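Worksheet: the structure to be examined is printed underneath.
Please treat every number below as a calculation from the coordinates, not as lab data. Fair warning: this is a prediction, and the values are worked out from it, not measured in the lab. In this analysis, Cβ positions are derived from the backbone assuming ideal geometry, glycine residues included, and neighbour counts consider all displayed protein chains.
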């Protein structure tokens, strides 16, 4: 009798601790959507950007080279002809691109994109004022884009660092940076105490030739091309000899850059 | 055997006695050899660094589980604590079966019982004092606020069965410190300890004085610890040094008054200070931690024929915690400092009544937890300095009031125990933070209140004189803690993410069944086998938030996770323990434990490099941070009437392959560690305890050890350590 009791209790124990180990299984989510992936390329005069070579000449006739190119785009929006749109923001709404970090040159978008035909793609170059807050990035590489609080805070929209040959044939460094601008009292510049207002210099870009279709379960690849030379022309000729090395405290220069930026980007939808 | 017998002859033990115990010895030796082979086979199969890994902890576990309660209760007494090399209570507790710990640095290992951790465990001091840890990263779990040298007894109760000290979700750890007691005539006594261990070049000092007379009595003690950085064991020809140094000191003063022969009151003050405590697995180090605990405890016994005990306690614990990154690379360009103040004020009253075989305990308790803290970040960039100050907790408040009762009785060959507890829990915060996206409130309303009901019931059937079987059923609910409700963007988990609190979390509930078989015989020892199953509802876990909702604030993390409730998870496991009888020269113990935990459905974010490109649902996924199977065997021999005791222990830990797919949790290789120790009682006033931990200088890490910050590598355990402790009692 006792043995039976013992066996029964041992059986109970085994039942309680039954290790019916089921293997984990991954099940992809299924929906009537597709995906989109962006590839970022950078060209000068139609050819891929080559860094650290003084082979380029801008519209103002300044020979120049580039060794850093970093920027943010945000609030990428896919527009349909019926007026509806899909703002890419399910995972991230700000994307950082850096020519030295290959992983940033491709953005496999997390969002599920409803199937259909889209007329165009637009985005904010830089980060809108509502989102561009200091300390929102604390990690490399984005943290290096920090824009000093005294000059408006937040983060650079873009940093192009390079060299140009000046009017007396000396090689100078330039920091072609775009971010929040400042308005100074009187003629004072570079004097933070005389700043009385800040100017948001982000702008909206609509990519020409960016219509595409998304089909169920597929991924549409779109190349976003920055024509770097365009920053220095149309509608304004940008002259390094005139604006000098740094422009982040010169709002008129940044205004010019902003206005030049509308046609800097083009798109190529990969079929 | 020959050596042992020769030594026995040398010390002239009586052959008659030896003959008497011969058969017992044979049995024990056979058992030990069997277990040893089992454990060594396991360890070799799962050797972490390959080759012949061995580890040992020189510990004899006198598990008191073979008692009348229907649940597992382990008790470690002062005499056992004194035999061990302990620099940290949480670290020491890992000797118990199915008790593990989260290591983030050299000290303050955070206990984990059967995979339950943090607030899922009710860790109390002196039968009811609670301490709210100041650090969001849990640099200061409750167990770090007490020094082993001050402890009289540690009780560990697994499961949601003991409810009188507060909601006990996954288990109870009760750290009971020494108390002063009255003397017939005035007496004064003192004891002191000096300990040193290599590797860390760590030293510890302890002194305690107690005395008094019938009416007034006292205890004063102080501790000092100063440890350097430790090195891991030898890994392919070299070791690694971890920034793990720490300094701690504390002072305790207790004063007792005998109001009447059966009534006394004890007033207590403890001040604990930590300084420059380094945590290589966290983003910051502890710059300072100042904790003050005051309490008053009134006890009355035999108040009437029916009322046996009345115990009333009030306390306040106050933790000032400061941490920064001043000892980290990059400090010159980015400085972070966080300061937190946590105050827990509470009390409890319980009355124990007994009428014949019916014992009833009833009472109430309350606690008021207030937490406030902020973080200041300063960055030097482009020649300018930017500073941001943000709160971690903003005058957050949790109030909990509970009523509890226990009932114990016996009839025929059955013993019966039951407990019930009701808690009213209310929380609020001064937070003004609002995170709302697409009409989803991620962090908004900060007030919440819950009524939780917990209950347990247990029955023990005495099969015969030696063997009994127990079944315990329990259900316990706990409300979310300060961290889970209100923390703002700190890397407090194991997975290199910033965490965001969730003020609207629901309480989680553990429904558990324990079945325990116990056998105990004077000449054979005690054996128990336990199996448990837990069904946890509204389990609190975390899910990743997108950067478009909130961005991390800690350098080096991958993103942000927020605490959420998941439907349910299950834990199941088993434990085995054997302890030899204490009345023979040769003795030992063997424990083994395993826990298997599953979450039925979890979200896995698909990564392409560091980019999140999609998500999948993982079914039957492993819960993260669950310790693997492990076993420890310990053998000792008492020479010279027990004045000289060498011990050898071996701990084998299996590889942990059942890891969370959704959390990308890595596997942990198995390992085995060998420890040796020798205790020598010089005379009635002096004792020496010396030994070697990790004899073969193995490089290994526990599955629950955190990763070194900024890397994917885990924090290793210390390599070989020679230690010596000198005790003096007067």
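To the nearest 0.05, how large is the calculated FRET efficiency for residue A:209 and residue B:657 if R₀ is 60 Å and r is the Cβ-Cβ distance? Could the numbers behind the result be given before it?
Numbers: r = 52 Å, r/R0 = 0.86.
Between residue A:209 and residue B:657 the formula returns 0.70.
What does the structure give for B:573-580 when I average, per residue, the other chain Cβ atoms found within 10 Å of the residue Cβ?
1
Return the percentage of antiparallel bridges among DSSP beta bridges fully within the protein assembly as shown, rounded to the nearest 5 %.
Around 95 percent antiparallel, to the nearest 5.
Express the relative contact order of region A:197-271 as a whole percentage, based on alpha carbon pairs under 8 Å and six or more residues apart in sequence. Kindly include the intermediate steps, with their values, before the conclusion.
Numbers: 84 pairs, mean separation 39.7, N = 75.
After rounding, I find 53 percent.
Normalising by the residue count of chain A, find the relative contact order in percent from Cα pairs under 8 Å and 6+ residues apart. Each step should come with its number before you reach the end.
Details: 577 pairs, mean separation 62.8, N = 271.
Result for chain A is 23 percent.
Tally the DSSP beta bridges in region B:105-209 and give the antiparallel ones as a percent, rounded to 5.
Antiparallel: roughly 80 percent of the beta bridges in region B:105-209.
Per the Kirkwood treatment, what hydrodynamic radius in Å, one decimal, follows for region B:366-430 from the mean inverse distance over all distinct Cα pairs?
Numbers: mean 1/r = 0.0608 Å⁻¹.
Hydrodynamic radius (Kirkwood, Cα only) of region B:366-430 equals 16.5 Å.
Using the alpha-carbon atoms, what tilt in degrees (0 to 90, nearest 10) does helix B:15-45 show relative to the longest principal axis of chain B?
Around 20 degrees separate the two axes.
Residue A:106 versus residue B:378, label points 7 Å from Cα toward the beta carbon: distance in nm?
4.3 nm
How high is the relative contact order of region B:174-729? Use alpha-carbon pairs under 8 Å, at least six apart in sequence, and give a whole percent.
Here the relative contact order equals 9 percent.
Using a simple spin-label model with points 7 Å from Cα along the Cα→Cβ vector, what separation in nm is obtained for residue A:53 and residue B:304?
About 10.0 nm separates the two model spin labels.
Mean shadow of region B:589-646, computed from the convex hull of its alpha carbons, in nm²? Walk me through the intermediate numbers first.
Details: hull surface 28.0 nm².
Mean projected area of the Cα convex hull: 7.0 nm².
Between region B:340-417 and region B:708-730, how far is it from one alpha carbon centroid to the other, in angstrom?
Comparing the Cα centres of region B:340-417 and region B:708-730, I get a distance of 30 Å.
Full-extension gain between residue B:257 and residue B:351, please, as 0.36 nm times their residue separation minus the C-alpha to C-alpha distance. Please list the in-between numbers first.
On the way: separation 94, 0.36 × 94 = 33.84 nm, distance 2.03 nm.
Once the chain is fully extended between residue B:257 and residue B:351, it gains 31.8 nm.
For chain A, take the longest principal axis of its alpha carbons; what is the angle in degrees between that and the long axis of helix A:251-260, to the nearest 10 within 0 to 90?
70 degrees
Between residue B:205 and residue B:316, what's the calculated FRET efficiency when r is the beta-carbon distance and R0 is 25 Å? Round to 0.05. Spell out each step's value before the answer.
Values: r = 28 Å, r/R0 = 1.12.
Once rounded, the FRET efficiency stands at 0.35.
Please report how far the C-alpha centroid of region B:224-245 lies from that of region B:69-84, rounded to the nearest whole angstrom.
First find each Cα centre; the distance between them is then 29 Å.
Please compute the volume of the convex hull spanned by the alpha-carbon atoms of region B:619-723 and report it per residue in Å³.
Details: hull volume 13.1 nm³, N = 105.
About 125 Å³ per residue, rounded to a whole number.
Take B:701, B:533 and order them by how many other Cβ atoms sit within 10 Å, fewest up front.
Lowest to highest Cβ neighbour count: B:533, B:701.
Fully extended, how many nm does the chain gain between residue B:617 and residue B:385 (0.36 nm per residue separation, minus their Cα-Cα distance)? Don't jump to the answer; show the numbers that get you there.
Values: separation 232, 0.36 × 232 = 83.52 nm, distance 4.43 nm.
Length gained, residue B:617 through residue B:385: 79.1 nm.
Using 0.36 nm per residue, how much length does the chain from residue B:366 to residue B:683 gain when fully extended, once their Cα-Cα distance is taken away? Working shown, then result.
Numbers: separation 317, 0.36 × 317 = 114.12 nm, distance 4.69 nm.
109.4 nm is the gain from fully extending residue B:366 to residue B:683.
Can you work out the FRET efficiency for the pair residue B:194 and residue B:523, with r the C-beta to C-beta distance and R0 = 30 Å, to the nearest 0.05? Display every interim value, and only then the final one.
Details: r = 39 Å, r/R0 = 1.31.
Plugging the Cβ-Cβ distance into 1/(1 + (r/R0)^6) gives 0.15.
I'd like the projected area of region B:174-729, averaged over all directions, using the convex hull of its alpha carbons. Report it in nm² with one decimal.
Convex hull of Cα atoms, orientation-averaged projection: 29.8 nm².
Rounded if a/c is under 1.5, else prolate if a/b beats b/c, else oblate: with a ≥ b ≥ c from the C-alpha gyration tensor eigenvalues square-rooted, which is the protein assembly as shown?
Prolate shape, in that a/c is at least 1.5 and a/b is the bigger ratio.
May I ask for the Rg/Rh ratio of region A:167-271, computed from Cα atoms with Rh as the Kirkwood radius, given to two decimals?
Rg/Rh for region A:167-271 comes to 1.12.
Please list, by residue number, everything in region B:393-430 whose backbone N is under 17 Å from a paramagnetic label point 7 Å out along Cα→Cβ of residue B:475.
Those under the cut-off are B:405, B:418-424.
Take the Cα gyration tensor of region A:31-270, multiply each eigenvalue by 5, square-root it, and list the three semi-axes largest first, rounded to whole angstrom.
So the three semi-axes of region A:31-270 are 32, 21, 15 Å.
With each pseudo-label sitting 7 Å past Cα toward Cβ, what's the residue A:119-residue B:608 distance in nm, one decimal?
The two pseudo-label positions are separated by 2.8 nm.
What does DSSP give for chain B in terms of the percent of beta bridges that are antiparallel, rounded to the nearest 5? Each step should come with its number before you reach the end.
On the way: 316 of 326 bridges.
Around 95 percent of the beta bridges assigned by DSSP in chain B are antiparallel ones.
Taking the Cα of residue A:84, stepping 7 Å toward and past its beta carbon, and measuring to each backbone N in region A:108-123: which are under 15 Å?
Once the point is set 7 Å along Cα→Cβ of residue A:84, A:112-120 turn out to lie under 15 Å by backbone N, inside region A:108-123.
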